[in-house]
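Down below is the structure, laid out as structure tokens.
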Amino acid sequence: MTCGHLAAAEAGCDSGFTVDASRVTFGRGVLAELGERARARGIQRAALFTDPRIAAQPWFAEVTRSLAAAGVDAAIFDAVAVEPTDASFEEAGRFAVAGRFDGYLSVGGGSVMDTCKAANLLATHPAALRSYVNAPVGDARPVPGPLAPHIACPTTSGTGSEVTGFAICTWTALHAKTAVASPMLRPTEALVDARVALTQPAGVVAASGMDVLCHAVESFTARPFTRRPVASPVSARPLSQGANPYSDVGCREAMRLLAMYLVRAVNDGSDEEAREQMMWAATLAGIAFGNAGVHVPHAMAYAIGGGGHTHRPAGYPDGLLVPHGMAVALAAPAVFRHTGPTAPARHLEAASLLGGDTRGATDADGGTLLAAQVVTLMRAIGIPNGTSGVGYGEADIPALVNGVTPQQRLLVNAPSTITPEILGHLFADARSYW
Ligand SMILES: [Zn+2]
């Protein structure tokens, strides 16, 4: 059994991995550097993507001041959909084409950063969005070359979009989440200001914290790169290239930080150390999953978040919603129980790094103990009890299984073959955990 370290590649599989390193500036107050950093990239006329709620934050004025001081002219696009769709990506693309910008800036959560990536792509290499979107929804056409410079500034401690080449949207006609995935989409720089985490509601920190946890654990337990069929040409490795020694570094440290700070960050908004460390854990896990790829919990989450539930989360705008990080968490324990036997030592190590008591345990207990520790953390931060906790019944399982079918990019990155029948069992197991 290989465990994703520098093991020999299996026949027909890859023997190398690519490190997609990100330029990251991290710390309190670094948003004030945006103007100078944009200027240093040669940006004179920027498209600035954000949303109206963020534009009203006190520190946002600092962003616009810093741009003005550096002589960077910025046109604001704030019509970003909370959950971007193909239509909202195309609208942002039209704004970008009309503006003739020489650079892109994004200040917001994953939706804002992903919309900015899509706009940059559609303006730099004009084509129908569908041609770039992952199969089976789109044609998965490779992005033909570099994009204009993009400086991404995340305002939540979750998605990691500032350091990845993914732009995720709902394909409205199919009611399915899909993505454009290319190293060309990865922002040129990330500016991570930990100060912005201090104003997030507890419910948002909880859901985004579980997203960070799943980015780290899924990347750590993904199919090892030595078991992924070699790409053709070999240099065209997918972003979801599988667990590898580089992604492992970020996963391990992110899990260690989650064990120390997740519960504190959710339960006490004045705990600046915990909220800042969660922002750093999110960055590390983002770098890791941008270089390895996530798998089944994220695939199931897109179905869970897709509709058919009755959940109104605290801390979010009013309305029915299962936040992305919450949806991933609801699937995770069931998946880790199932994948445990594929790499028992890795699952046991993850359970231990996340703060679980693994004394006296053997590798064979890895999946069970990892699932149990994830459940412990879910309970401690107020995540609902499985999919039944957000209103799904047993009769919804076939529709949920169907909702996962478009997520082939994620399913093939799982450590074992995932059939519709197995997904049915996983959704049944995910109905309640305590
Ligand atoms: Zn995620």
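Please treat every number below as a calculation from the coordinates, not as lab data. Predicted model only: the values in this text are computed from it and were never measured. Positions of Cβ are backbone-derived with ideal geometry, glycine not excepted, and every protein chain shown enters the neighbour counts.
What dipole magnitude, in Debye to the nearest 20, does the chain give about its Cα centre under +1 on Lys/Arg Cβ and -1 on Asp/Glu Cβ? Intermediate values should be presented prior to the final figure.
Details: 31 positive and 37 negative charges, 108 e Å.
Using only the charged Cβ atoms, the result is roughly 520 debye.
Of the beta bridges in the chain, as assigned by DSSP with both residues counted there, near 25 percent are antiparallel. The ranking of 390, 249 by Cβ neighbour count inside 10 Å, starting from the fewest, reads 249, 390. What the Cβ-Cβ distance of residue 23 and residue 421 gives, at R0 = 35 Å and to the nearest 0.05, is a FRET efficiency of 0.20.
Binning the C-alpha pair distances of segment 201-429 at 10 Å intervals from 0 yields a P(r) profile of 9, 35, 38, 17, 2, 0 %, listed from the shortest bin outward. Positive end of the dipole of the chain (Cβ unit charges, origin at the Cα centre): among 133, 300, 413, the Cα lying farthest that way belongs to 133.
From Cα pairs below 8 angstrom and at least 6 apart in sequence, can you work out the relative contact order of the chain, rounded to a whole percent? Contact order relative to length: 16 percent.
Exposure proxy for 169, 13, 251: other Cβ atoms within 10 Å of each Cβ, ordered fewest to most, give 13, 169, 251. Sorted largest first, the principal axis extents computed over the alpha-carbon atoms of the chain equal 61, 51, 41 Å. At what distance in nm do the modelled label points of residue 230 and residue 174 sit from each other, each positioned 7 Å from its Cα along Cα→Cβ? About 3.0 nm, to one decimal. Each of the peptides 132-139, 269-276 was scored by the mean count of other Cβ atoms within 10 Å over its residues; in descending order, highest first, they stand as 132-139, 269-276.
As an exercise, use a Förster radius of 51 Å and the Cβ-Cβ distance of residue 314 and residue 8 to find the FRET efficiency, rounded to the nearest 0.05. Computed FRET efficiency for residue 314 and residue 8 comes out at 0.55.
Ordering 157, 47, 345 by the projection of their Cα atoms onto the charge dipole of the chain, which places +1 on the Cβ of Lys and Arg and -1 on the Cβ of Asp and Glu, puts 47 at the extreme positive end.
In segment 242-330, Cα pairs under 8 Å separated by at least six residues give a relative contact order of 27 percent. Length gained on full extension, residue 402 to residue 45: 124.1 nm, using 0.36 nm per residue less the C-alpha separation. Label point 7 Å out from residue 76 along Cα-to-Cβ: which residues of segment 19-60 have amide N under 13 Å? Counting only backbone N, you get 48-60.
Given a 10 angstrom Cα cut-off, can you work out which residue in 237, 53, 37 is the most mobile in a GNM of the chain? Judging by the Gaussian network model, the answer is 53. Here the simple spin-label model places points 7 Å from the Cα toward Cβ, and for residue 388 and residue 100 these points are separated by 6.2 nm. Near the amide H of residue 103, within less than 5 Å, lie the amide hydrogens of 45, 47, all on another chain or at least 5 residues away, with H placed in the peptide plane.
Reducing segment 74-150 and segment 169-197 to their Cα centroids gives an inter-centroid distance of 9 Å. Distant-in-sequence amide contacts of residue 243, defined by a placed amide H-H separation under 5 Å and a gap of 5 or more residues or a different chain, comprise 222, 223, 225.
For segment 224-241, backbone phi angles converted through the Karplus equation (6.51, -1.76, 1.60; θ = phi - 60°) give residue-by-residue couplings of x, 4, 6, 10, 8, x, 4, 7, 10, x, 4, 6, 8, 4, x, 4, 7, 8 Hz, Gly and Pro being listed as x.
Would you order 177, 117 from fewest to most other beta-carbon atoms within 10 Å of each residue's own beta-carbon? Intermediate results must be reported in sequence, preceding the final value.
Working: 177 25, 117 30.
Ordered by Cβ neighbours within 10 Å, fewest first: 177, 117.
Here the 3J(HN,Hα) profile of segment 246-262, calculated from phi with Karplus coefficients 6.51, -1.76 and 1.60 at θ = phi - 60°, is 6, 5, 4, 4, x, 4, 4, 5, 4, 5, 4, 5, 4, 4, 7, 10, 4 Hz, Gly and Pro shown as x. Across segment 1-139, C-alpha contacts under 8 Å between residues 6 or more apart give a mean separation that, scaled by the residue count, equals a relative contact order of 23 percent. With θ taken as phi - 60° and the Karplus curve 6.51 cos²θ - 1.76 cosθ + 1.60 applied, the whole-hertz 3J(HN,Hα) list for segment 264-279 is 4, 5, 6, 7, 9, x, 8, 7, 5, 4, 5, 5, 5, 5, 5, 5 Hz, x standing for glycine and proline.
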